[in-house]
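Working notes, beginning with the structure itself.
The values are calculated or read from the model by the stated rules, or taken from the named source; none is laboratory data. Quick caveat, the model's predicted, so the values are computed rather than measured. Because the Cβ atoms are built from the backbone with ideal geometry, glycine has one as well, and the counts that use them run over all protein chains shown.
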Amino acid sequence: MKDSAYKILAESISKFFKTPQYLILFVSDKCWMKCKHCWFNEEWKCENSQGKTLTFDELKNLSESVKRIMFLSITGGEAFGRDDIVEIVNLFTSNGKTKRFQIPTSGFLTSQILAKTERILISNPGIPFRVDISLDGNEEVHDNVRSCKGSFKNATNTIRELDKLKKKFDWFDVGVITTISNFNQNIVEEMSAIVEEIHPDGEWMVNIVRGRARDARAGDVEITNYDKAQELIRMKREKNAAGNHSGHFTAKWLSAKNVVRRKVISDILQNKKEGGACTAGSFGGVIFADGSVYPCEMLDKTYGNLRDYNFDLTKMWNSSKGTEIRKWIQDNKCICTQECFLSTNILIQPQLWPSLIYERIKLK
Ligand code: SF4
Ligand code: SF4
């Protein structure tokens, strides 16, 4: 009964909104790093990518086929590596089309990231925008995980400089994200202290390795270490209310959601959570740099390539293939720890709403 309801709901969401409202858009498949925990690695690209990255004109066609996006994550590889990243953002934010957006980055080329971020902020006054910088350890561990000497120094410098920009633009937010992996799981307390020191007035989030990592050892993580990081974040938030999302009126709800999401991830890792009710493929979706459209990054099921649909995302999203994928996800009670979709899943899982409200009330 519950499963059929979720199947109907997923299809209705897709038909109602016509295109994904939580969209992860890869605008590049090139990266400044070679992270050991990365699933978007050479092997994945070799097996899944059709090659040629979407051009600016093709992205323009895509933006014209979309009427509204509640949340857009512009990612890669390294989205800031594109010379036209500001113009790409503007394609999707024109006419109030995108309500909120984010760019994750390794933070490696500080001056380039700062200059582009400032231009984006000036071109998009009042539209909540957040840059999330990855920080995966102390200097030695981070540079080792990222396989790039100097990456820690640059990332921390970028965080400090972006935090200064945050004071100038009140619709701007900066987050620090740590991916807990086998390589940093034993230094979570030290990580917490580092983030506290360089980013005292902003959010620290932890993700957990997912997919087929570049280095197969990455995913060998003790759940207790992930839980320890959750506890450290809770303590940071209780000590300092500034350690939360900011930049818009629903920001605190997002921080509350992150608490619930970490608990859900912990339950999934301990096999305590039932699958199903995933919003990937209905409310959320992914477009890779080569134009191929997927419900999420984890499933090898594609709706096809935008180039074969004349960039009509609505047609593609609501095709019989789309219905088939959505049905498969619910029929198979698909479950994983993909943080983005676990966020939107909370919207359709009423059993999580009391915890969400409780965590929101706890925030001043
Ligand atoms: S995790 Fe991100 S920054 Fe690291 S190699 Fe992969 S895409 Fe690049
Ligand atoms: S549970 Fe994970 S793999 Fe399955 S559809 Fe949702 S995001 Fe994708």
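Residues are listed down the side, and each one gets a yes or a no for (1) free of Cβ contacts under 8 Å to residues at least 24 places away in the same chain; (2) farther than 22 Å from Ile133 by Cβ; (3) hydroxyl-bearing (Ser, Thr, Tyr):
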| residue | (1), (2), (3) |
| --- | --- |
| Asn182 | no, no, no |
| Val195 | no, no, no |
| Asp220 | no, yes, no |
| Val260 | no, yes, no |
| Ser266 | no, yes, yes |
Look at the stretch 210-226 and say how many of its residues are assigned to a helix (DSSP H, G or I) and closer than 24 Å to Ser255 by Cα. 4
Hey, among the residues in the stretch 22-44 that are within 16 Å of ligand 2 (Cβ to nearest atom) and in a loop (DSSP other than H, G, I, E, B), which one's surrounded by the most Cβ atoms within 10 Å (Cβ to Cβ)? Phe40
When the residues of the stretch 104-131 are narrowed to those that are surrounded by fewer than 20 Cβ atoms within 10 Å (Cβ to Cβ) and charged (D, E, K, R), which ends up farthest from Ile180 (Cα to Cα)? Arg119
The one condition Trp171 fails out of (1) in contact with a helix residue (DSSP H, G or I) (Cβ under 7 Å, 6 or more places away or on another chain); (2) touching a residue at least 60 places away in the same chain (Cβ under 8 Å) is (1)
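Okay, residues lined up against (1) over 17 Å from the mean Cα position of the chain (by Cα); (2) under 30 Å from Lys167 (Cβ atoms); (3) surrounded by fewer than 20 Cβ atoms within 10 Å (Cβ to Cβ); (4) modelled with pLDDT under 90:
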site: Thr179; (1), (2), (3), (4): no, yes, no, no
site: Ser192; (1), (2), (3), (4): yes, yes, no, no
site: Asn258; (1), (2), (3), (4): no, yes, no, yes
site: Asp267; (1), (2), (3), (4): yes, no, yes, no
site: Ala280; (1), (2), (3), (4): no, no, no, no
Residues that are more than 24 Å from Thr344 (Cβ to Cβ), touching a helix residue (DSSP H, G or I) at 6+ places or on another chain (Cβ under 7 Å) and of a type in the set (Ser, Thr, Tyr), drawn from the stretch 54-80: none
Counting only residues in the stretch 37-58 that are among the hydrophobic types (A, V, I, L, M, F, W, C) and free of Cβ contacts under 8 Å to residues at least 40 places away in the same chain, the one nearest to ligand 1 (Cβ to nearest atom) is identified as Cys46
Go through the residues of the stretch 46-61 one by one and say whether even a single one is at pLDDT 95 or above, outside any helix (DSSP H, G or I), touching a Lys or Arg at 6+ places or on another chain (Cβ under 7 Å) and crowded, with 16+ Cβ neighbours inside 10 Å. no
Quick check on this structure: which one of Val293, Val286 is in a strand (DSSP E or B), within 13 Å of ligand 2 (Cβ to nearest atom) and touching a residue at least 24 places away in the same chain (Cβ under 8 Å)? Val286
Can we say Ile122 is within 23 Å of Asp173 (Cβ to Cβ), in a loop (DSSP other than H, G, I, E, B) and modelled with pLDDT of 95 or more? no
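Residue-wise test of (1) in a loop (DSSP other than H, G, I, E, B); (2) within 13 Å of the chain's Cα centre (by Cα); (3) of a type in the set (Asp, Glu).
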| residue | (1), (2), (3) |
| --- | --- |
| Val66 | yes, no, no |
| Ile74 | no, yes, no |
| Asp83 | yes, no, yes |
| Asn95 | no, no, no |
| Pro104 | no, yes, no |
| Ala115 | no, no, no |
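Would you pick out the residues in the stretch 197-209 that are outside any strand (DSSP E or B) and either surrounded by 18 or more Cβ atoms within 10 Å (Cβ to Cβ) or in contact with a Leu (Cβ under 9 Å, 6 or more places away or on another chain) (or both)?
Matches in the stretch 197-209: Ile198, His199, Gly202, Val209.
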Restricting to the stretch 316-339, count the residues that are surrounded by 16 or more Cβ atoms within 10 Å (Cβ to Cβ) and charged (D, E, K, R). 2
When you check Asp290 against the structure, is it within 16 Å of ligand 1 (Cβ to nearest atom), at pLDDT 95 or above, out of contact with any strand residue (DSSP E or B) (no Cβ under 6 Å at 6 or more places or on another chain) and of a type outside the set (Phe, Trp, Tyr), yes or no? yes
Specify which of the listed residues (Cys340, Cys336) is among the hydrophobic types (A, V, I, L, M, F, W, C), in contact (Cβ under 8 Å) with a residue 24 or more places away in the chain and more than 16 Å from ligand 1 (Cβ to nearest atom). Cys336
